[in-house]
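Asker: Quick one: the structure is below, questions incoming.
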Amino acid sequence: MDQIIVQILNGLDKGSAYALIALGLTLIFGTLGVVNFAHGALFMMGAFCAVVTSKILSSSHKVVDETRTDFLGNPLEVDVFYVQDWFGQAAGAAIMDWAVPLAILVSIPFMILLGFVMERGLIKHFYKRPHADQILVTFGLAIVLGEVIKYYFGANPIQTPAPDALNGRVDFGVWLGYGPNVVVYPMWRLVYFFFSGAIIASVFAFLQFTTFGMVVRAGMADRETVGLLGIDIDKRFTFMFGLAAAVAGIAGVMYAPIVSPAYTMGMDWLVLSFVVVVVGGMGSLPGAVLAGFVLGIIESFASMPAVVNLLPGINQIVIYVVAIAILLIRPRGLMGRKGVMED
Amino acid sequence: MSKSNFTRRGVLKTGAVAGAGLTLPTYLRADGHTGFTNAPGDSEVVLGFNVPQTGPYADEGADELRAYELAVEHLNGGGDGGMLSTFSSKVLDGTGILGREVKYVTGDTQTKSDAARASARSMIEKDGAIMITGGSSSGVAVAVQALCQEAGVIFMAGLTHSNDTTGKDRKANGFRHFFNSYMTGAALAPVLAAQYGTDRKAYHLTADYNWGYTTEEAIKASTEAMGWETVNSVKTPLTQTDFSSYIAPVLNSGADVLVLNHYGGNMINSLTSAVQFGLREAQANGQNFEIVVPLYSRLMARGAGENVKGIFGSTNWHWSLQDEGSQAFVRSFGTKYGFPPSQAAHTTYVQTLLYADAVTRAGSFAPCAVAEALEDFEFDGMGNGKTLYRGDDHQCFKDVLVVKGKENPESEFDLLEVVEVTPVDQVMYDPAHPQMGGAEATLGECNNGA
């Protein structure tokens with residue numbers, strides 16, 4: 001039982017990331033009708049916002065320490081951090097320690113801007129082209145973004161730790177009546193789960209309770225009619241692209257301490273996120289969130305050693321097997337609507 | 001009246017045969033005057049550097065390429081000469097190889113066997129490379145080695161640690177300087193037993209490919225011989241990034257040691273997950289829980305950051321070694337590039353010099369003559385002490401470094417500390433050892449190609 005609880009918890013943080021990425025994908029598909037294969041790359045760009053913020057906050061100048069030598073035998077140049085020069089040792093160290101949460105502030109304007117540039121500069125030229133063309137161009141864009149990141153940051157993952165205060169563990173086992181260290185869960189993953197919940201709730205609230213959101217939802221349902229009412233729906237949809245990019249970016253920032261950012265992470269998440277969207281139902285925002293959590297938890301269970309030893313390789317295909325099963329039973333996905341992607 | 005055979009059909013046939021001959025790959029054309037593939041001209045010789053320039057091991061590949069460029073510079077008489085002055089063999093004099101200037105071409109393995117074979121084939125067929133070297137993955141090394149055997153060129157393996165490269169998949173045209181999984185197990189197990197005791201229960205997480213299997217097998221065999229018990233071993237996909245599902249059950253498995261048979265990004269992420277789940281602070285079976293990473297590299301250690309502190313592993317070479325050869329190489333590399341070389345850079349630099357040296361001693365570029373010069377060649381001054389290129393399996397035998405993550409690094413490069421230099425005798429094995437393919441494993445016949 002304790003292992004089941006552990007795997008449900010593991011599935012929740014994985015599912016949170018799936019849900020956030022799939023939410024953005026669905027927003028873009030639902031508003032602009034674009035199948036955006038660069039969405040995983042936006043998640044990666046968000047994670048690298050955390051890396052860049054961390055590097056900026058750790059900017060330093062060199063001071064020669066005559067008492068020590070470097071690997072060539074020359075006097076050692078020691079890094080002295082600017083933030084510690086400016087704010088003192090303790091405050092400077094605290095600022096560097098909280099680089100990942102601070103990166104959210106950096107990532108939101110950056111990702112919205114990146115989303116605008118992508119949509120206005122490239123993707124809008126493909127609105128009237130077949131989905132295959134959209135997939136090709138956005139997939140190409142994802143490769144370009146990945147290679148740019150690799151050029152500047154290298155191929156190996158870059159460790160981007162959470163703040164020390166949130167780096168501990170929560171011992172759920174003690175709360176649930178088990179002994180200590182039986183059901184242990186990293187605190188930052190718990191933070192990620194609640195943070196994702198807050199972001200998802202905010203997006204839904206924005207769409208549900210604001211006039212802007214109402215117009216967007218109307219546009220998703222019938223773009224032509226909304227246009228005939230004199231509303232510039234294209235401008236609002238461009239904003240939604242920026243919003244979806246920001247959601248993916250924030251998801252990436254917060255995920256950086258869980259899996260060290262690498263240029264490959266966009267592609268790692270992309271295909272699975274598309275499966276999540278399809279299983280949830282094309283164009284269905286609640287479906288994307290539900291499918292994200294369901295598939296995250298199922299994948300987590302399939303990776304249990306007992307399961308892997310019994311069915312080798314099941315952990316790599318389980319999501320696709322479940323997706324096939326769900327689509328056979330419910331061809332439009334868990335919460336898909338009639339008429340979407342069916343023409 | 002004479003009858004001429006000069007017919008339209010005859011001309012077409014002759015033309016077709018001649019055309020086909022001309023379009024044959026260079027290595028299939030008998031260079032009748034030389035008798036081997038891609039015999040160089042009088043002025044220059046081309047080497048093929050096949051490294052991962054894209055993909056997960058691109059950082060190792062970039063460092064390998066830097067080392068190759070440095071080796072070429074030194075062979076051609078440039079720079080400070082690096083290890084040429086410390087190498088025990090004194091036949092290399094900075095005038096190229098057998099008086100020919102060394103040129104090179106590069107290929108991108110992408111850390112994929114098929115891409116690596118394609119780039120190696122292109123360098124052999126189109127660029128006339130006489131020797132192929134490089135790689136940062138055992139799967140790639142085994143695949144390219146087999147290609148070089150067929151094509152009749154020498155393959156000097158780069159960073160490949162699987163037993164199979166010079167074990168069951170050994171080839172007469174292939175040579176490896178880097179150490180292997182067996183040696184890691186033989187060097188690491190006694191240190192682990194001394195540090196953590198002999199009453200330990202190990203849990204293995206293993207990358208699901210060639211190198212992972214042989215490393216797990218070697219570590220299991222060596223640690224079990226010391227009294228450890230293996231409670232479970234789980235294969236993890238090479239593409240896995242979040243290891244939480246694999247790590248979470250470890251604490252309640254009855255194990256008190258986690259062995260991460262992972263390399264590169266896999267290792268960085270699995271170790272990060274293990275630390276996040278508190279394994280380093282946990283207690284199991286009344287002892288501190290421990291983590292072991294059998295194969296370390298400085299580039300990986302940099303990626304894993306704080307998490308590597310105090311964790312034991314092994315490495316082929318480290319820039320902090322104080323012998324004359326290592327210092328010469330670090331000085332050359334550091335002066336040129338501004339940072340110390342990795343173990344991948346070291347092994348590829350050494351392999352290039354060893355090839356050039358063998359050609360010079362053999363007085364020929366013919367692969368079989370070069371192979372003969374390398375077989376059972378003993379040398380020193382290249383950073384690992386006295387080394388033997390064993391003729392039976394084309395594996396180098398030298399001391400192995402047991403390292404651990406440094407607790408108080410003094411610089412961004414100062415991440416590993418050498419805790420023991422395991423003498424070569426302790427890591428020697430029979431060429432027909434079961435982990436090396438047993439008695440059936442053979443080098444086969446050397447192939448000169450054309």
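Any read-out appearing in this document is the output of simple, stated calculations on the displayed coordinates, not a laboratory observation. These numbers come from a predicted model, not from an experiment. In this analysis, Cβ positions are derived from the backbone assuming ideal geometry, glycine residues included, and neighbour counts consider all displayed protein chains.
Asker: Tell me the angle of helix B:138-151 to the major Cα principal axis of chain B, expressed in degrees between 0 and 90 and rounded to the nearest ten.
Answerer: 20
Asker: Given the rule -39500 (n - 2.57) for each run of at least 4 DSSP H residues, summed and divided by the residues of the protein assembly as shown, what is its mean residue ellipticity at 222 nm, to the nearest 500 deg cm²/dmol?
Answerer: It lands at -16000 deg cm²/dmol.
Asker: Can you list the HN-Hα couplings for the stretch A:128-142, worked out from phi with the Karplus curve (6.51, -1.76, 1.60; θ = phi - 60°), rounded to whole Hz and with x for Gly and Pro?
Answerer: 9, 8, x, 4, 4, 5, 4, 5, 4, 6, 6, 5, x, 4, 4
Asker: Something else now. Once you put a point 7 Å from the Cα of B:ASP199 and another 7 Å from the Cα of A:ILE329, both along the Cβ direction, what distance in nm separates them?
Answerer: Result: 5.1 nm between the two label points.
Asker: So if I take the centroid of the Cα atoms in the stretch B:403-418 and the same for the stretch B:210-273, what is the distance between those two points in Å?
Answerer: If we compute the Cα centre of each part, the gap is 23 Å.
Asker: Past 19 Å, Cα to Cα: identify those pairs from B:LYS168/B:LYS404; A:LYS62/B:LYS404; B:LYS103/B:LYS126; A:LYS55/A:LYS150; A:LYS62/B:LYS309; A:LYS128/A:LYS235, in the order given. Walk me through the intermediate numbers first.
Answerer: On the way: B:LYS168/B:LYS404 30 Å; A:LYS62/B:LYS404 28 Å; B:LYS103/B:LYS126 14 Å; A:LYS55/A:LYS150 16 Å; A:LYS62/B:LYS309 25 Å; A:LYS128/A:LYS235 17 Å.
Over 19 Å apart, Cα to Cα: B:LYS168/B:LYS404; A:LYS62/B:LYS404; A:LYS62/B:LYS309.
Asker: Taking +1 at the Cβ of each Lys and Arg and -1 at the Cβ of each Asp and Glu, which of B:VAL231, B:LEU353, B:VAL424 sits farthest along the dipole of the protein assembly as shown towards its positive end, judged by Cα position relative to the Cα centre?
Answerer: Ranked along the dipole, the leading option is B:VAL231.
Asker: Taking the Cβ of each residue in B:GLU125, B:GLU281, A:GLU66 as the centre, tally the other Cβ atoms inside 10 Å and list the residues starting with the fewest.
Answerer: Exposure proxy ranking, most exposed first: A:GLU66, B:GLU281, B:GLU125.
Asker: Cut-off is 10 Å between beta-carbons; in what order do A:CYS49, B:CYS148, B:CYS446 appear when sorted fewest neighbours first?
Answerer: Ranking A:CYS49, B:CYS148, B:CYS446 by Cβ neighbours within 10 Å, fewest first, gives B:CYS446, A:CYS49, B:CYS148.
Asker: Taking springs between alpha-carbon atoms closer than 10 angstrom, which of B:GLY391, B:GLY78, B:GLY134 fluctuates most in the Gaussian network model of chain B?
Answerer: B:GLY78
Asker: Okay, moving on. For chain B, modelled as a GNM with alpha-carbon contacts under 10 angstrom, which of B:LEU374, B:LEU258, B:LEU321 fluctuates the most?
Answerer: Result: B:LEU321 has the largest fluctuation of those listed.
Asker: Also, quick follow-up: Filter the GluC sites (Glu not before Pro) in the stretch B:388-423 to those in DSSP coil with at most 16 other Cβ atoms within 10 Å of their Cβ, and list the result.
Answerer: B:GLU407, B:GLU410, B:GLU412
Asker: Between the stretch A:146-218 and the stretch A:1-56, what is the separation of their alpha carbon centroids in Å?
Answerer: Answer, in whole Å: 9.
Asker: Largest first and in whole Å, what are the equivalent-ellipsoid semi-axes of the protein assembly as shown based on the Cα gyration tensor, each being the root of 5 times an eigenvalue?
Answerer: Equivalent-ellipsoid dimensions as semi-axes: 48, 35, 26 Å.
Asker: How about the stretch B:121-209: which chymotrypsin sites (Phe, Trp or Tyr not before Pro) there are in a DSSP loop, with at most 11 other Cβ atoms within 10 Å of their Cβ?
Answerer: Passing sites in the stretch B:121-209 do not exist.
Asker: Taking a Cβ-Cβ separation under 4.7 Å as the criterion for a possible partner, which cysteines of chain B have none?
Answerer: Within chain B, the cysteines lacking a partner Cβ under 4.7 Å are B:CYS148, B:CYS396.
Asker: Still on this model: Highest GNM mean-square fluctuation, chain B, Cα pairs closer than 10 Å: which of B:ASN252, B:ASN288, B:ASN261?
Answerer: Result: B:ASN252 has the largest fluctuation of those listed.
Asker: Can you tell me the order of A:263-271, A:237-245 when each peptide is scored by its average per-residue count of other Cβ atoms within 10 angstrom, highest first?
Answerer: A:237-245, A:263-271
Asker: Which angle between 0 and 90 degrees, to the nearest 10, do you get for helix B:265-276 versus the longest principal axis of chain B when only C-alpha atoms count?
Answerer: 10
Asker: Would you mind checking the tilt of helix B:181-196 against the longest principal axis of the Cα atoms of chain B, expressed as 0 to 90 degrees and rounded to 10?
Answerer: Here the helix axis deviates by roughly 10 degrees.
Asker: May I ask you to sort B:ILE132, A:ILE8, A:ILE233 by Cβ crowding, counting other Cβ atoms within 10 Å and putting the fewest first? Working shown, then result.
Answerer: On the way: B:ILE132 30, A:ILE8 15, A:ILE233 21.
By the 10 Å Cβ count, ascending, the order reads A:ILE8, A:ILE233, B:ILE132.
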